[in-house]
1. Give region 17-57 a look and list any residue that's in a helix (DSSP H, G or I) and either acidic (Asp, Glu) or on the phi > 0 side of the Ramachandran plot (or both), or say none.
2. Please work out which one of (1) more than 23 Å from residue 102 (Cα to Cα); (2) open to solvent by 10 Å² or more (accessible area, probe 1.4 Å) is the condition residue 243 fails and give its number.
3. Considering (1) touching a residue at least 24 places away in the same chain (Cβ under 8 Å); (2) more than 21 Å from residue 8 (Cα to Cα); (3) open to solvent by less than 60 Å² (accessible area, probe 1.4 Å); (4) among the hydrophobic types (A, V, I, L, M, F, W, C), say which one residue 297 fails and leave the rest.
4. Between residues in region 65-81 that are farther than 22 Å from residue 191 by Cβ and residues that are open to solvent by 60 Å² or more (accessible area, probe 1.4 Å) and at pLDDT 95 or above, which pairs lie under 7 Å by C-beta distance while being six or more apart or on different chains?
5. Would you kindly identify the helices (runs of 4 or more DSSP H) lying entirely within region 118-237 that contain at least 1 residues that are loosely packed, with under 15 Cβ neighbours inside 10 Å?
6. Of all residues in region 248-266, which are at positive phi and acidic (Asp, Glu)?
7. Is it the case, given these coordinates, that residue 341 is within 30 Å of residue 197 (Cα to Cα), at pLDDT 95 or above and out of contact with any strand residue (DSSP E or B) (no Cβ under 8 Å at 6 or more places or on another chain)?
8. Return yes when residue 60 is open to solvent by 50 Å² or more (accessible area, probe 1.4 Å), polar (S, T, N, Q), closer than 17 Å to residue 231 by Cβ and in a helix (DSSP H, G or I) and no when it is not.
Amino acid sequence: MKTPYYMIEEQLLRRNLALISDVARRTDSEWILAFKAFALWKTFPIFKEYIHSTTASSLSEARLAFEEFGAKAHTYSPAYKDDEFDEIVSCSSHLTFNSLSQYERFHQRATACSIGLRVNPEYSEVGTMLYNPCAPGTRFGVTADKLPEQLPGDIRGFHCHCHCESGADVFQRSLKHIEDKFSRWFPQLEWINFGGGHLVTRSDYDIELLVSMMQAFHARWPHLKVIFEPGSAFAWQTGPLVAQVVDVVEDKGIRTAILDVSFTCHMPDCLEMPYFPEVRGAVHVDEGGYRLGGNSCLSGDFMGYWQFDHELKVGEEIVFEDMIHYTTVKTNTFNGISHPAICMLRADGRLEVLRSFSYEDYRDRMD
């Protein structure tokens with residue numbers, strides 16, 4: 001297979017889906033796929049064996065849910081546009097407003113949906129501010145002091161997102177703040193959506209703690225339907241990005257292996273979050289070894305230092321583990337660098353190319 005390419009493994013994806021399906025059953029909650037982390041629609045037939053809904057944050061995602069997944073989306077957007085709103089409604093079963101002003105402007109056109117309001121508990125343990133939805137000055141959600149004691153009659157749910165690749169212990173602490181701030185409105189609601197960032201498929205996630213928390217929550221609020229909408233959890237550790245060394249350069253004692261991929265183009269979370277990948281057959285070190293560099297003109301398009309047990313050669317493959325979530329949805333064609341193909345290793349051992357990219361794909365983005 002010509003590099004570069006992403007390779008999602010069907011068996012690993014089904015492992016995650018089966019675990020999430022079991023967690024949904026044990027917590028008496030609905031778990032739905034957030035497209036912002038994973039939107040490979042050719043895998044939807046597999047997903048539909050385990051889950052029934054998805055979550056969208058734009059017209060394009062809402063259409064993907066309706067047209068490709070075959071079910072209306074749970075939709076939330078920081079701000080809906082007038083010329084897109086009616087089409088979004090037609091593709092949505094649930095629709096959440098980010099602000100009271102957006103609610104006032106649009107709610108009468110959303111009567112076909114179960115209407116929700118995003119709330120801000122003013123508490124989050126997300127350490128990277130770029131990803132913290134409750135940071136001071138956030139544009140997300142309504143704080144408790146701005147809500148009327150009696151909610152408008154057509155508001156059916158609250159949406160609260162304050163996690164990022166978090167464990168059950170973080171959710172336990174967050175839930176206390178959510179209930180302290182907003183539980184006085186719970187009797188007026190039908191559902192609550194606890195958003196994404198619940199990384200239940202990570203090996204050290206305390207599923208039993210989550211189960212006991214949700215059992216207790218249902219005991220307190222038996223009328224509320226509970227929804228979770230993770231993205232990363234579905235695609236966590238389901239496959240690598242495979243690249244190739246195209247040159248090795250050295251300056252001031254620093255050796256850089258230049259690859260046929262780019263961090264800024266194909267692995268942006270490695271620079272933004274920063275999400276630190278594992279490299280197959282290598283150990284991360286503080287200095288020495290090889291710095292891995294992307295093939296773009298961005299000066300900072302490189303990541304870390306890795307020690308290999310041999311000298312790297314041109315043409316050698318470099319495998320970045322766990323590169324399926326938040327990659328294909330965020331890639332770009334900056335510098336016209338070859339976009340990685342998207343492949344699936346089927347359970348029967350077949351390697352299927354789901355999508356490959358050409359010069360025309362790069363050109364036609366500007367057409």
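The values are calculated or read from the model by the stated rules, or taken from the named source; none is laboratory data. What you are looking at is a predicted structure, and each value in this text was computed from that prediction instead of being measured. We place every Cβ from the backbone using ideal geometry, glycine too, and count neighbours over all the protein chains shown. When the accessible area is computed, the model is the full protein with side chains, heavy atoms only, and any ligands, DNA or RNA have been set aside. Shrake-Rupley method; radii C 1.70, N 1.55, O 1.52, S 1.80 Å.
1. 22
2. (2)
3. (3)
4. These pairs meet every condition: 68/41.
5. Here the list reads 168-182, 207-220.
6. Answer for region 248-266, where residues must be at positive phi and acidic (Asp, Glu): there is none.
7. no
8. Spelling it out, residue 60 is indeed open to solvent by 50 Å² or more (accessible area, probe 1.4 Å), polar (S, T, N, Q), closer than 17 Å to residue 231 by Cβ and in a helix (DSSP H, G or I).
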